[in-house]
Amino acid sequence: MPEGTTVLAAVRQQGIDIPALCYLDGMEHFTSCMLCLVKDRGRLFPSCSVAAVSGMDIVTEDEEIREARQTGLELLLSEHVGDCEAPCQVACPAHMEIPRMNRLIAAGKWEESLRIVKRDIVLPAVLGRICPAPCEGACHRKTVDEAVSICLLKRFVGDAGTVHPCEVAPSVGKKVAVIGAGPAGLAAAYYLQLRGVEATLFDKAEKAGGQLRTAIPEEVLPREVLDREIEAVLGTGVRFIGNTPVDDQVFNQLKADYDAVVVATGNLDDLTKSYQLAGTPKGLEVNRDTYETSETGIFAIGNVLRSSRLAVRSVGQGKEVAFSVLQYLNEEKISGEPRRFNSRFGKLLQQEFAEYLKESVTGQRNQPAAGGTGFSVEMAIEEAKRCLHCDCRAIDDCKLREWSGFYQASQKRFQTSGRRAMTKHFQNTAIVYEPQKCIKCGICVRLTEKYREKYGLTFVGRGFDVVVGAPFSEPLDQALTETSVEVARACPTGALEVRKKE
Ligand code: SF4
Ligand code: SF4
Ligand code: SF4
Ligand code: FES
C-alpha cells in the first residue's frame, strides 16, 4: 500500500465497501458529504481524507456510524429538491411507470410502452376503461392546467398491443394455486408464471374475470376486451380451472398438492371463512408488506382483505404477492417487494410551470371522440407529449437515493418551511442541469479542472446560496464541451444528467 493511501481506499482494497458521495477514485478529496465516516478506537472521521497508517483499528459500520451517516444524509436531503419517482407513479396503487409509458407513446413505440405497462399492470385495456385514476389526481400537470390523461393512454397502449410483450422465465419447478380469477388472482398468477412458477387459477365461475365480468356493464367494459387480456394471461402458461368452488375440503387438498396458495376470492364469504385463517369481519388478516396470512405458505390479496372498488389496487397486490411467494418458495426471508427511498417536494410552484413545460407542450387535455372509442394515434401522441417528465433521470443510479434508502434517512427531519424553486437548464444539448438536486460534492468542478475545460464548472456565490455553475455566467455548453457526458455520469445525483433517456 503506497504511503498516503486513504483509509477509504485501503479498506476498499480489502473488499469492504464504504459509502461515499463526494469521493471519486484518483481525485483529490473534497470531504463534504461525511458519508464515508468510520471509527478508529472510538473516534469518528471521514475515511476519504485521512491516510491509512499501521496500528489503526478501523470500524466501518456500527450503530454510531450508521446514525452519523443517516444524519449526514438527512442534512443533504433537507436542502435537496426533487422527485425521484413522479407523483403519478407514487399515487398509482400498482406503481406503474407512467412517465416512461408516456415518453414511449410520444415516440410512437407501442410495444415497448406495453412492456413497461405490463411490468406492473396486467390488464391495461381493462383498467384503462374502469379505473378512477388516482394517478391523475396527483399529476403535476394538473397544477399547470389539466392532468395528463394517463388512464386513456394506458387504455390506448393496451388496445394497440396485439402480442404479449413479456418473457416467461424458465421453470423453477414449483407450483402455486391461486383461488379466484378476478383482477387480483389474474395478476398474481401472471406475475408468478412470468417468474417461472407454475400457476393454476381456480374459480367457481365457468370463465375467468370475477367481478370484472359480472359487475361491470358491457358498454363500459366490452367482454371482448376482457377476454383478450385474460387470454394474454393464459398465454403465458397459466392454467385456468373453472366451475370449481373451493370449500374447506378442496382448500386442504390444494395445500397438500401445491407449494403455496394465494387466496384471491373477492369479498369475504362463507367459503373463505371456512379456511380458518385469522381475520376480522371485514376480511382476512395479513402482513401488509408480504400478504402472508396466519398460516405459513398461504397468502391473501384483493377484496378478501378489505372491500374496495379499486380494481387497480387488487392488480397491484397481485404483482406484489408474487414477489413474496417467490421468496417463500426460495426459502428466503419473506420481506415483500422492496420499497425504495423517494425524495418528494409536493406541488409545483407557479414559477416552476415554465421550467417543467420546457420538456413538454402547451395545450389542454385531449378529448377523444364521443362514443367511447378512446384516443386516435395522433391524439395519443399529442397527449403523451403533455407529460412533464417529472421523474428524475437518475432514478436508477442515484447514489443519494440509494444510500438514503439504505440508512433510512428522513427528508423531513431537518427541513425548514419553504423550499427552493426547481429550475431546469438545457443549454447543453447532451445534458440537463437541475441545480436544486446538487449536493455540492464538487466532483464536476474537479473533473472539469482535470479535463482542462476552457471554462469548466465552479462554485458560484457564498454560504447557503452557493451553486455549481459556469464562471462569468457563461452558458452550460461553453462550460462543458467535450466532457459533458462524462461529467454528468460522475455526478452522484440527478443534478447533472445525460439528456436522452426514455
Ligand atoms: S437526484 Fe436522486 S434523490 Fe434526488 S430526485 Fe433524483 S433520484 Fe431522487
Ligand atoms: S406530468 Fe407526466 S410525469 Fe408528471 S405527474 Fe403527470 S403524468 Fe406523471
Ligand atoms: S452537479 Fe456537481 S457538485 Fe452538484 S452533485 Fe453533481 S457532481 Fe456534485
Ligand atoms: S466526505 Fe468522504 S466521501 Fe464525502
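Can you go through GLU382, GLU355 and tell me which one is in contact with a helix residue (DSSP H, G or I) (Cβ under 9 Å, 6 or more places away or on another chain), part of a helix (DSSP H, G or I) and within 16 Å of ligand 2 (Cβ to nearest atom)? Even if it seems obvious, please write down each step before you answer.
On the way: GLU355 fails: in contact with a helix residue (DSSP H, G or I) (Cβ under 9 Å, 6 or more places away or on another chain).
The match here is GLU382.
In the stretch 395-436, the qualifying residues are those that are of a type in the set (Phe, Trp, Tyr), part of a loop (DSSP other than H, G, I, E, B) and more than 16 Å from ligand 3 (Cβ to nearest atom), and the one that is modelled with the lowest pLDDT is PHE414. Only one entry in THR143, THR200 is among the polar types (S, T, N, Q) and within 15 Å of ARG239 (Cβ to Cβ), namely THR200. If you filter the stretch 442-456 down to residues that are buried (at least 16 other Cβ atoms within 10 Å of the Cβ) and not in a loop (DSSP other than H, G, I, E, B), you find that the one that is farthest from ligand 4 (Cβ to nearest atom) is THR448.
Residues that are of a type in the set (A, V, I, L, M) and more than 22 Å from the chain's Cα centre (by Cα) were ranked within the stretch 122-146; the one that is nearest to ligand 1 (Cβ to nearest atom) is VAL144.
All but one of (1) acidic (Asp, Glu); (2) buried (at least 16 other Cβ atoms within 10 Å of the Cβ); (3) over 21 Å from the mean Cα position of the chain (by Cα) hold for GLU378; state the number of the condition that does not hold. Of the numbered conditions (1) acidic (Asp, Glu); (2) buried (at least 16 other Cβ atoms within 10 Å of the Cβ); (3) over 21 Å from the mean Cα position of the chain (by Cα), the odd one out for GLU378 is (2).
Could you please let me know if THR373 is more than 21 Å from GLN89 (Cβ to Cβ), part of a loop (DSSP other than H, G, I, E, B) and more than 16 Å from ligand 1 (Cβ to nearest atom)? Explain how you work it out, then say what you get.
Values: more than 21 Å from GLN89 (Cβ to Cβ): yes; part of a loop (DSSP other than H, G, I, E, B): yes; more than 16 Å from ligand 1 (Cβ to nearest atom): yes.
Considered against the rule, which asks whether it is more than 21 Å from GLN89 (Cβ to Cβ), part of a loop (DSSP other than H, G, I, E, B) and more than 16 Å from ligand 1 (Cβ to nearest atom), THR373 comes out as yes.
Can you confirm whether ILE439 is outside the structural domain of GLY26 (by TED's automatic domain parsing), within 16 Å of ligand 4 (Cβ to nearest atom) and in a loop (DSSP other than H, G, I, E, B)?
Working: outside the structural domain of GLY26 (by TED's automatic domain parsing): yes; within 16 Å of ligand 4 (Cβ to nearest atom): yes; in a loop (DSSP other than H, G, I, E, B): yes.
Judged against the criteria, ILE439 is a match.
Going through the stretch 41-70 one residue at a time, which ones are without any contact (Cβ under 8 Å) to a residue 40 or more places away in the chain and within 25 Å of THR493 (Cβ to Cβ)?
Going through the stretch 41-70, the residues without any contact (Cβ under 8 Å) to a residue 40 or more places away in the chain turn out to be 41-46, 53-55, 57, 59, 61-65, 67-68.
Of everything in the stretch 41-70, those that are without any contact (Cβ under 8 Å) to a residue 40 or more places away in the chain and within 25 Å of THR493 (Cβ to Cβ) turn out to be LEU44, PHE45, PRO46, GLU61, ILE65, GLU67, ALA68.
Out of GLU79, GLU64, which single residue is under 31 Å from the mean Cα position of the chain (by Cα) and at pLDDT 95 or above? Walk me through it before giving the result.
Values: GLU79 fails: at pLDDT 95 or above.
Being under 31 Å from the mean Cα position of the chain (by Cα) and at pLDDT 95 or above holds for just one of GLU79, GLU64, which is GLU64.
The values are calculated or read from the model by the stated rules, or taken from the named source; none is laboratory data. Remember, it's a predicted structure, so these values are computed and weren't measured experimentally. Methodologically, a virtual Cβ is constructed for each residue, glycine included, from the backbone with ideal geometry; neighbour enumeration extends over all protein chains shown.
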